[in-house]
Amino acid sequence: MSDAPVVPPVVGFPLALAAGLAMPVQGRINGALGTVLDDSIAAALISFGTGLILMVAITLVLPGARAGARQIIPSVRERRFPPYYVAAGAIGAFFVFSQSLTIGVLGVALFTVAAVMGQSLSGLLVDRAGIGPGGKRAATPMRVIGVVLTVLSVVWAVSPRFGAAGEMSSWLIPVLLPVAAGVLMSFQQAMNGTASLHYGTPLAATLMNFIAGTVVLVAAWLVKLAIAGPGNHPPSEWWYYLGGPMGCVFIALGALLVRSLGVLLTGLCMIGGQLVGSLLLDLVVPAPGTIVVFATVAGTLLTLAAIILTTLPWPGRPRT
């Protein structure tokens, strides 16, 4: 197992926030790509395919990444961790697919709330069960309060945009998809963090994620192609193909940080980054119908406060 140093919180928290910044950008890109292609599976496949190309290039160039990639097969063969951990990329594929399929129906705001609810609750459970590389972390009252406050803060921050989702009957069923994707995201981070310890680098875990996710999406797209035929031609604009690189940043930093921060805090910090990134997008490159009001800014700031509340060493808090 790797003896890589633990990332101190003073460094880990800003890194997790930075990783979260990539998510709303990726969601905006993948949602737009799915609309242009009229094919959500193809959009997810393009996102994962570009990410896979980038990770292969990084692995070929960096000696540490090559050394980590050489540990993948021995780690699985020797069962250093449950073999199904190598399929964690299938969860990422599901998350990207849910972005491409539902953002056009739900809007970024409702998608974010649904995913955050799933990720926050499952992060608490994953830490409590000790699935991640950091071991068991108690579900203290302040952690529970922090999770509840985070979810409420996110709801407040995006509440001005709920009207874009239309009547409840139109989004009640589609919203279950991002909830499920958010729940699974915590398990993906825990699995990637454990695998990266044995590979010696989070780059190898990221590479394996994109391999597994691309395989799943190729199979799904071939089935869709046989049943419904192809969608529209891929667009020529270069920015439609940045979703994969954004995913590389998110997955690699998540795999690096869960050992130090735990699954819950890594997820909460990334959620904070998502809200900050969404706010910046709305201010700098607003989508049609975007509004930025007091609730948008205040909810984002309250989310960051909830994350700080969850991390403070409260008196009597058990060590984890």
- Residues of segment 29-53 being surrounded by 18 or more Cβ atoms within 10 Å (Cβ to Cβ) and of a type in the set (A, V, I, L, M, F, W, C), which ones? I29, A32, L33, L37, I41, A42, A43, A44, L45, I46, F48, L52
- Message: I'm checking my understanding of the structure. Among residues of segment 132-151 that are assigned to a loop (DSSP other than H, G, I, E, B) and more than 25 Å from F97 (Cα to Cα), which one is most open to solvent (accessible area, probe 1.4 Å)?
- Response: K136
- Message: Based on this model, can you work out whether T112 counts as open to solvent by 10 Å² or more (accessible area, probe 1.4 Å), assigned to a helix (DSSP H, G or I) and polar (S, T, N, Q)?
- Response: yes
- Does G64 satisfy the condition of being of a type outside the set (A, V, I, L, M), surrounded by fewer than 23 Cβ atoms within 10 Å (Cβ to Cβ) and touching a residue at least 40 places away in the same chain (Cβ under 8 Å)? yes
- So, of the residues in segment 152-182 that are under 17 Å from I307 (Cβ atoms) and surrounded by fewer than 20 Cβ atoms within 10 Å (Cβ to Cβ), which turns out to be modelled with the highest pLDDT? L152
- Task: Just need a number here: residues in segment 36-90 that are part of a helix (DSSP H, G or I), charged (D, E, K, R) and within 30 Å of I103 (Cα to Cα).
- Result: 0
- Can you find even one residue in segment 179-194 that is of a type outside the set (F, W, Y), more than 15 Å from the chain's Cα centre (by Cα) and under 23 Å from S120 (Cβ atoms)? yes
- When segment 67-109 is examined, which residues are found to be open to solvent by 50 Å² or more (accessible area, probe 1.4 Å) and among the polar types (S, T, N, Q)? Q71
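Would you pick out the residues in segment 72-99 that are of a type in the set (A, V, I, L, M, F, W, C) and without any contact (Cβ under 8 Å) to a residue 24 or more places away in the chain?
Matches in segment 72-99: I73, V76.
The values are calculated or read from the model by the stated rules, or taken from the named source; none is laboratory data. Just so it is clear, the structure is predicted and the values come from calculations on it, not from any experiment. Reconstructed Cβ throughout: ideal geometry from the backbone, glycine too, with neighbour counts over all protein chains shown. What goes into the accessible areas is simple: the full protein's heavy atoms, side chains included, and nothing from ligands, DNA or RNA. Shrake-Rupley method; radii C 1.70, N 1.55, O 1.52, S 1.80 Å.
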